[in-house]
Amino acid sequence: MEHRLLGGSGFRVPALSFGTATFGGGTDFFRAWGTTGVGEATRLVDIALDAGVSMFDSADSYSNGLAEEILGRAIAGRRGRALLSTKATFRTGDGPNDIGSSRHHLLATLDASLRRLGTDYIDLWQMHGFDAMTPVEETLRTLDDVVRAGKVRYVGCSNFSGWHLMKSLAVADRYGWSRYVAHQAYYSLLGREYEWELMPLALDQKVGAVVWSPLAGGILTGKVGRNRPAPKGSRVATLGVFGPEPSHEQLYTIVDALEAIAAETDRTVAQVALAWVLHRPSVATVVVGARDEAQLRANVGAVDLKLSADQMKRLDDASARPPTYPYWHQRAVFLARNPPPV
């Protein structure tokens, strides 16, 4: 397994991480993702660790904490081999303070996550979304406190806008507090908006991308294509597309390119789609999920797939979308002095 530095830190993470949103199935939404129990989760953790996939990503909101609980039981007795990544900020109860990135909520939810995971520290703790109701200074001071207390090793964010992240980094630098070293962001061949603002920011400020949904919620697994609708019972068929609905032609153009390169490399469509993300700038680790052993083993096979420059260009061209303002203006008028990331 390849290991990469996480942003500007000295912390190395595996190129692939294992996502645990499929653990538990405690709500209707997460039941469509999966209903993995402790026994099967333990087996998946075994396979992941043997393959070098040593970082496990969760969140306190996944199945109302059940995913963290199952993960904690699955890694019991081998905490030293596992890196734990989890998230907070989303609602965890009915109370007025059971949501957000306030000191009150973060301290309570951190202790709850530690209990469920059966550990006394978290390797990477991320704010699941930007809380505009809480001062950035309050959030970052709280994060610095828990790092200094030894409860958290590194901090990151998720689903931030560019200004959310840059303001947070500036405040952390001003006061000498712990800096975000990771940004867990949506990025795939079907969703490349990350490249417009967040990727250049990540490269400039040394914030590693922890990519979620690299297969676009299961659409880029090879199960969906021209004259091939989502299989009945699949997450895509049950929940639909998570995010903006792509046009059929946009999706089919991408899948056609993936299928052609999969045939050339004797790999699966999903492996090619994952490999494309792994080749992109700023990416530290790609979070993959799996309902069963076969899916996990197949996803791990993407790590050693090296795409040629021509294959990368074909995928880039098939998935290209017109940028919104101000990015189209920057590229049309001032490209020589403001190039996109490469």
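The values are calculated or read from the model by the stated rules, or taken from the named source; none is laboratory data. Just so it is clear, the structure is predicted and the values come from calculations on it, not from any experiment. Cβ placement follows ideal geometry from the backbone for every residue including glycine, while neighbour counts extend to all protein chains displayed. Only protein heavy atoms, including side chains, enter the accessible area calculation; ligands, DNA and RNA are left aside. Shrake-Rupley method; radii C 1.70, N 1.55, O 1.52, S 1.80 Å.
Restricting to DSSP H runs of at least four residues, report the calculated mean residue ellipticity at 222 nm for the chain, -39500 (n - 2.57) per run over all residues, nearest 500 deg cm²/dmol. It would help to have the intermediate numbers written out before the result.
Working: 13 runs with 135 residues, N = 342.
Here the helix-only value at 222 nm equals -11500 deg cm²/dmol.
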Roughly how many nanometres apart are two label points built 7 Å out from the Cα toward the Cβ at Glu245 and Thr265? 3.1
With unit charges on the beta carbons (Lys and Arg positive, Asp and Glu negative) and the dipole taken about the Cα centre of the stretch 278-342, which residue among Val283, His329, Gly301 sits farthest to the positive side? His329
Normalised contact order of the stretch 21-159, rounded percent, pairs of Cα under 8 Å and 6 or more residues apart: 20
Which far-off residues, 5 or more places away or on another chain, put their amide H under 5 Å from the one on Met55, with H placed in the peptide plane? Phe18, Leu83
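Within the P(r) computed for the stretch 199-328, what percentage of the Cα pairs occupies the region above 27 Å?
Values: 1561 of 8385 pairs.
Everything past 27 Å amounts to 19 percent.
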Per the C-alpha gyration tensor (a ≥ b ≥ c, the square roots of its eigenvalues), the stretch 22-166 is rounded if a/c is under 1.5, else prolate if a/b beats b/c, else oblate; here it's prolate
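For the stretch 161-201, give the magnitude of the charge dipole about the Cα centre (Cβ charges: +1 Lys/Arg, -1 Asp/Glu; no others), in debye to the nearest 20. Could you put the intermediate results ahead of the total?
Values: 4 positive and 4 negative charges, 35 e Å.
Magnitude of the dipole: close to 160 debye.
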Of the residues Val255, Gln271, Tyr175, the Cα lying farthest along the dipole of the chain towards its positive end, which is defined by charges on the beta carbon of Lys, Arg, Asp and Glu, belongs to Tyr175
Nearest 20 debye, what's the magnitude of the dipole of the chain about its Cα centre given +1 on Lys and Arg Cβ and -1 on Asp and Glu Cβ? 280
For the stretch 292-332, build the convex hull from the C-alpha positions and give me its volume per residue in Å³. 129
With the dipole of the chain defined by +1 on each Lys or Arg Cβ and -1 on each Asp or Glu Cβ, the option from Tyr186, Gly8, Gly162 whose Cα lies farthest towards the positive pole is Gly8
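Take every Cα pair under 8 Å in the chain that's 6+ residues apart, average their separations, divide by the length, and report that relative contact order as a whole percent.
Values: 622 pairs, mean separation 60.6, N = 342.
With pairs under 8 Å counted, the relative contact order is 18 percent.
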Over the chain, give the accessible area per residue in Å² for a 1.4 Å probe, as an integer. 44
Among [x] -0.76, -1.13; [y] -0.72, -1.36; [z] -1.01, -1.23, only one was calculated for this model; which label is it, if the read-out is log10 I(q)/I(0) by the Debye sum over Cα atoms at q = 0.11, 0.15 Å⁻¹? [y]
Cα shape, the stretch 1-103, gyration tensor, a/c 1.5 rule: oblate
Using the Cα centre as the reference, give the magnitude of the dipole from point charges on the C-beta atoms of the stretch 175-283 (Lys, Arg: +1; Asp, Glu: -1; all else neutral), rounded to the nearest 20 debye. 380
